[in-house]
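**Q** Quick one: the structure is below, questions incoming.
Any read-out appearing in this document is the output of simple, stated calculations on the displayed coordinates, not a laboratory observation. Only a predicted model underlies this, so the values are computations on that prediction, with no experimental measurement involved. Every residue, glycine as well, gets a Cβ built from its backbone with ideal geometry; the counts of neighbours run over all protein chains shown.
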Amino acid sequence: MELQTDQKPVILSGVTPSGILTMGHLAGALSNWVKLQDKFECYFMIADLHAITVRQNPAELRKRTLETAAMFIAAGIDPDKSTLFIQSHVTEHAQLTWVLNTFTGMGECSRMTQFKDKSTQHSENVNVGLFDYPVLMAADILLYQADLVPVGEDQKQHLELTRNLAQRFNHNYSDTFKVPEPYIPEVGARIMSLQDPEKKMSKSDPNQGSILFLTDSDEVIKNKIKRSVTDSGSEIKFADNKAGISNLLTLMHLATKRSIKDIESDFAGKGYGDFKMAVAEAMADYLRPIRQRYEELINNKQQLTEILVRGEENARKIAAKTLRKVYKKVGFVQF
Ligand code: TRP
């Protein structure tokens with residue numbers, strides 16, 4: 001084993017480019033990733049190979065992939081600190097998936113909750129790729145010898161499979177893969193729907209008024225917040241039975257960095273109307289620079305391309321090294 005004592009722990013995470021990113025992504029994932037960049041060696045990936053397990057419109061997928069990358073950078077992922085790349089650009093992901101497939105039981109994949117859910121949702125297209133989705137995810141993680149993987153609740157089972165595959169392979173041959181751990185951020189703010197604050201804000205919600213998209217204009221942001229659903233009380237307080245006001249307090253906290261307690265006292269004795277107005281202004285101010293940076297990038301494809309090519313090169317160096325080891329261990333001829 002090589003000594004890696006002077007190296008920072010490696011983090012890898014990915015996002016499937018299936019829609020415009022929302023305030024939910026920013027608060028729950030992206031903002032945390034931005035903070036990890038100094039302490040860890042970070043790899044952030046746009047998972048386009050995963051995206052096609054559900055039928056995609058090609059032009060739309062291309063557009064979304066670049067938009068997602070641009071939004072990552074706009075939100076603070078710094079390409080000089082972290083490696084930002086597109087999954088399909090690093091062919092090793094598909095190659096390692098093939099090898100890992102031969103170590104994965106049919107039963108293991110059939111038991112994945114997400115597979116069961118998605119096969120019901122997309123019953124017209126239950127393809128082998130959808131079945132294999134978690135193995136591809138394992139390849140993503142294991143190629144970079146990731147120590148930690150920040151994932152949401154819904155991806156924990158996939159990470160567990162990744163750990164099993166790593167251990168199985170290591171046991172069968174010899175130490176090859178780092179066995180990754182899930183990374184649970186200290187505070188991942190959960191942003192709720194503006195129209196139904198008992199539900200998580202979701203980009204696939206048919207009611208657009210419930211979602212703050214990171215591309216929304218000042219006007220749209222303000223209107224959505226002003227029209228957000230709140231309870232019938234009058235106090236500005238964070239509480240279980242005040243889901244709407246609590247959600248607005250969380251947004252205000254994210255936008256202003258003031259503590260919830262401080263915000264509550266700022267608005268003691270004031271009404272919902274005043275509070276909503278203030279949250280609307282604060283959110284618009286908070287998202288404006290992110291959106292402006294995003295627009296700059298999306299309108300300057302050359303800069304974005306350069307960043308992604310650099311990311312691909314960095315990623316490939318590590319991925320190729322791992323794949324070479326794997327190919328050697330399984331007995332492929334290498335010259
Ligand atoms: N499947 C993940 C999701 O839907 C995205 C993803 C793909 C990912 N590859 C990954 C996340 C590797 C973490 C690590 O959220």
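**Q** Please report, in cubic angstrom per residue, the volume enclosed by the convex hull of the alpha-carbon atoms of the range 165-212.
**A** Output value, Cα hull per residue: 130 Å³.
**Q** So how much slack lies between residue 321 and residue 260, counting 0.36 nm per residue of separation and subtracting their Cα-Cα distance, in nm?
**A** 17.3 nm
**Q** Consider just the alpha-carbon atoms of the range 249-323 and return their Rg together with their Dmax, both in angstrom.
**A** Just the Cα atoms of the range 249-323 yield Rg and Dmax of 20.6, 62 Å.
**Q** Anyone know which of 41, 153, 296 comes out most mobile in the 10 Å Cα GNM of the chain?
**A** Of 41, 153, 296, the Gaussian network model singles out 153 as fluctuating most.
**Q** While we're on this one: By how many degrees, between 0 and 90 and to the nearest 10, does the Cα long axis of helix 58-74 differ from the longest principal axis of the chain?
**A** That works out to roughly 70 degrees.
**Q** To continue, here is another question. Mind checking the angle between helix 243-256 and the chain's longest principal axis? C-alpha axes, 0 to 90 degrees, to the nearest 10.
**A** 80 degrees
**Q** Let's test the formula: R0 of 51 Å, r as the Cβ-Cβ distance of residue 108 and residue 281. What FRET efficiency results, to the nearest 0.05?
**A** 0.50
**Q** Oh, and also: Test of understanding: in a Gaussian network model of the chain with alpha carbons linked when under 10 Å, which of 250, 113, 102 would top the mean-square fluctuation ranking?
**A** Comparing 250, 113, 102 in the GNM, the peak value goes to 102.
**Q** Separate question: Longer than 18 Å from Cα to Cα, which of 8/39; 118/199; 8/257; 200/270; 81/156; 8/35 are they? Say none if no pair is.
**A** Beyond 18 Å between Cα atoms: 118/199; 8/257; 200/270; 81/156.
**Q** Calculate, in nm to one decimal, what residue 223 and residue 81 gain on full extension: separation in residues at 0.36 nm each, minus their alpha carbon distance.
**A** Taking 0.36 nm per residue and subtracting the Cα distance, the gain is 47.5 nm.
**Q** If one takes the longest principal axis of the Cα atoms in the chain, at what angle in degrees, from 0 to 90 and to the nearest 10, does the Cα axis of helix 156-172 lie?
**A** Orientation of helix 156-172: about 20 degrees from the principal axis.
**Q** Starting from a Cα-only point model with no solvent, please compute log10 I(q)/I(0) by Debye for the range 92-248 at q = 0.11, 0.15, 0.16 1/Å.
**A** Computed log10 I(q)/I(0) values: -0.64, -0.91, -0.95.
**Q** Can you work out the FRET efficiency for the pair residue 98 and residue 8, with r the C-beta to C-beta distance and R0 = 51 Å, to the nearest 0.05?
**A** My answer for the efficiency is 0.95.
**Q** Indicate the gyration tensor shape class of the range 110-161 (rounded, prolate or oblate), computed on the Cα atoms with a ≥ b ≥ c the square roots of the eigenvalues: a/c under 1.5 is rounded; otherwise a/b larger than b/c is prolate and the rest oblate.
**A** Cα axes put the range 110-161 in the prolate bin.
**Q** Also: I need the shape label for the range 1-96. Rule: rounded when a/c is under 1.5, else prolate if a/b > b/c, else oblate, with a, b, c from the alpha carbon gyration tensor.
**A** Because a/c hits 1.5 or more and a/b fails to exceed b/c, the range 1-96 counts as oblate.
**Q** Beyond 27 Å, what share of the Cα-Cα pairs of the chain is found? Please give it as a whole percent.
**A** 49 percent
**Q** While we're looking at this one, here's another question. If eta is 0.692 mPa s and T is 37 °C, what Stokes-Einstein diffusion coefficient results for the range 40-173, Kirkwood Rh from Cα pairs, in µm²/s?
**A** Numbers: Rh = 15.9 Å.
It comes out at roughly 206 µm²/s.
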